[in-house]
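Heads up: the structure comes next, in structure tokens.
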Amino acid sequence: MKIISSYLRYVFRVIILSSCFSFNATAQNLVPNGSFELNDSCPKDIGEISLARPWVSPSIGGSPDYYHSCADPISSVRVPLNGFGYQYPKTGQGYAGFYTFNLIFQDLREYIQVQLTDTLKANHLYHARFYVSLADQFQYTTRTIAAYFSQTPVSSGNPYVLPYTPQIINSKVNPLTDTLGWTLISGTFKAKGKEKYLTIGNFNTDATSDTLFVGGSGWGSRYSYYYIDDISVIEEDTVTHNKSSSIETPLPNIFTPNSDGTNDVFKIKSENLSVFNLKIYNRWGLLIKELKDANAEWDGKTNAGLECTDGVYYYMLNALGIDDKQYSEKGFVQLIK
């Protein structure tokens, strides 16, 4: 009876937590334990993703990691400081991590897999989203992180590339370079029907992976490794899906951040964007500000909070609409106080 009672409590907690991470009050998240809060016990070492039940590794030899604040402070899987870097969860107390690229062992991969709480319906639209963060110790990015939905659990007898074509692939305009914050990966697809399992990782070979060396040295300079958190899959409202995205052009080319209440910020007006990345450079080509929220505004200060001087600044904008329309804009804006 104790075993049955414990299991029922676990199921109840999964249902409650899944509903908390739904996109809205009427959309149910089909991913159990999508924020990696629940566990059978606190992680003690790397390779213990199965503690965050019902998540597993689909590859024999693959060993995705589980991080939680309940881990021993001197362990390599504690939060926020761990063996691969320093990162707080996107929400809650836990997250997972996996290798997505490896220059030493060709096509070496790690994946995480979970059984959904319900079977997908044929010809219905589903929206998947999750957040990743590049671990500090690793100097290669992998833009081709993706999600694959299948009717049965996928598995492999080796820790290499899984031979499947994912339905959700990170956009080419969405760089996954951030080590300080979390970057959203999302997309919508039409189910064939009876899909029950979700697998996340890099399904591309080394030759076809979109990677970038972002600098650094040491053992991590030949690998790519990401933390992952807040995974959700919902059935999408067809009306919402049919909305179109837009960016109002021409973009502003002057603003006056002098706190007089008029034209104090540089803001790009847009609608229905799922990915937004705006980088602002000074005249020497140094990145001084980066915005990742379509509703964000530049107030004339650097990422460090320092006041920028008067002058001309250059921007590069990459964005993706919920209708999969891609945007790429570049130009200049003049700052006058």
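The values are calculated or read from the model by the stated rules, or taken from the named source; none is laboratory data. As the structure is a prediction and not an experimental result, all values here were calculated from the model. Please note: Cβ atoms are built from the backbone with ideal geometry, for glycine as well, and neighbour counts cover all protein chains shown. Keep in mind that these areas ignore ligands, DNA and RNA; they rest on the heavy atoms of the full protein, side chains included. Shrake-Rupley method; radii C 1.70, N 1.55, O 1.52, S 1.80 Å.
Here are a few things to note about the model shown:
- Within the stretch 278-292, considering residues that are closer than 25 Å to S133 by Cβ and of a type in the set (K, R), the one most open to solvent (accessible area, probe 1.4 Å): K292
- Residue list for the stretch 79-121, restricted to those being open to solvent by 30 Å² or more (accessible area, probe 1.4 Å) and outside any loop (DSSP other than H, G, I, E, B): L81, Y86, Y99, L108, Q115
- Residues in the stretch 123-165 that are open to solvent by less than 40 Å² (accessible area, probe 1.4 Å), touching a residue at least 60 places away in the same chain (Cβ under 8 Å) and among the polar types (S, T, N, Q): 6 in all.
- G215 assigned to a loop (DSSP other than H, G, I, E, B), open to solvent by 10 Å² or more (accessible area, probe 1.4 Å), at positive phi and in contact with a Ser or Thr (Cβ under 9 Å, 6 or more places away or on another chain): yes
- Among (1) more than 21 Å from I169 (Cβ to Cβ); (2) surrounded by 13 or more Cβ atoms within 10 Å (Cβ to Cβ), the one test that I254 misses: (2)
- Residue in the stretch 52-70 that is open to solvent by 30 Å² or more (accessible area, probe 1.4 Å) and without any contact (Cβ under 8 Å) to a residue 12 or more places away in the chain present: no
- Taken over the stretch 263-277, residues that are among the hydrophobic types (A, V, I, L, M, F, W, C), open to solvent by 30 Å² or more (accessible area, probe 1.4 Å) and closer than 17 Å to S245 by Cβ amount to 1.
- All positions within the stretch 170-212 that are outside any strand (DSSP E or B), among the charged types (D, E, K, R) and open to solvent by 50 Å² or more (accessible area, probe 1.4 Å): K172, K192, K194, D210
- Taking the listed residues N303, N263, the one that is on the phi > 0 side of the Ramachandran plot and at pLDDT 90 or above is N263, with no other qualifying.
- Test result for P64, out of contact with any helix residue (DSSP H, G or I) (no Cβ under 7 Å at 6 or more places or on another chain) and not β-branched (V, I, T): no
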